[in-house]
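Notes to accompany the following structure.
The values are calculated or read from the model by the stated rules, or taken from the named source; none is laboratory data. Being a predicted model, the structure only gives us computed values, none of them experimental. Because the Cβ atoms are built from the backbone with ideal geometry, glycine has one as well, and the counts that use them run over all protein chains shown.
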Amino acid sequence: MSDSSGASRFVRALRHRNYRLFFGGQTVSLIGTWVTRVATSWLVFRLTGSELLLGVVAFAGQIPLLILAPFGGVLGDRWDRRRILVVTQALSALQSIALAVLALATSPSSRSSSCRSSRASSTPSTRPHDKPSS
């Protein structure tokens, strides 16, 4: 199958309203998931400076998938799939909002001082924007 055939199938699929809604919703959802994972990893590394904890966060992000995936197929067969999608996306959005509120709830001065102290104890900073101003 050539690339132009695949592109024409994609364009034909976008003619259907339901597919456009699904495609747009999935795009927003996947971007939100990616941003949340990057922000979580970045926050953990900035606060701790620990590569080990960064790996723990990445691993912990996969635990729900490993545990809940076998049950997801059963639920998808028995319950309304649209309702499952709406509920899971809403829960994901609430989780991201809660993470943002918790991350922003601390004062900026305590965040930056804890970042500086953890980095100062592990390795010296070579980036100019990481050095505290005199």
Within the range 46-76, the residues that are without any contact (Cβ under 8 Å) to a residue 40 or more places away in the chain, surrounded by 10 or more Cβ atoms within 10 Å (Cβ to Cβ) and among the β-branched types (V, I, T) are V56, V57
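Please verify whether R111 is part of a helix (DSSP H, G or I), farther than 20 Å from S29 by Cβ and at pLDDT below 85, treating the condition exactly as stated.
Details: part of a helix (DSSP H, G or I): yes; farther than 20 Å from S29 by Cβ: yes; at pLDDT below 85: yes.
Yes; evaluated as a whole, the condition is true for this residue.
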Across (1) in contact with a helix residue (DSSP H, G or I) (Cβ under 8 Å, 6 or more places away or on another chain); (2) of a type in the set (A, V, I, L, M, F, W, C); (3) more than 21 Å from L102 (Cβ to Cβ), F71 clears everything bar (1)
Pairs where the first residue, in the range 84-108, is part of a helix (DSSP H, G or I) and the second is of a type in the set (V, I, T), C-beta under 6 Å, 6+ apart:
S96/T36
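Find the helices (runs of 4 or more DSSP H) located wholly in the range 1-62 whose residues include 3 or more that are at pLDDT 90 or above and of a type outside the set (S, T, N, Q), and list them. Before you say what the answer is, go through the steps one by one.
Numbers: elements: 3-13, 17-48, 51-60.
Fully inside the range 1-62 and qualifying: 17-48, 51-60.
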Give just the number: which of (1) surrounded by 12 or more Cβ atoms within 10 Å (Cβ to Cβ); (2) at pLDDT 85 or above does W79 not satisfy?
(1)
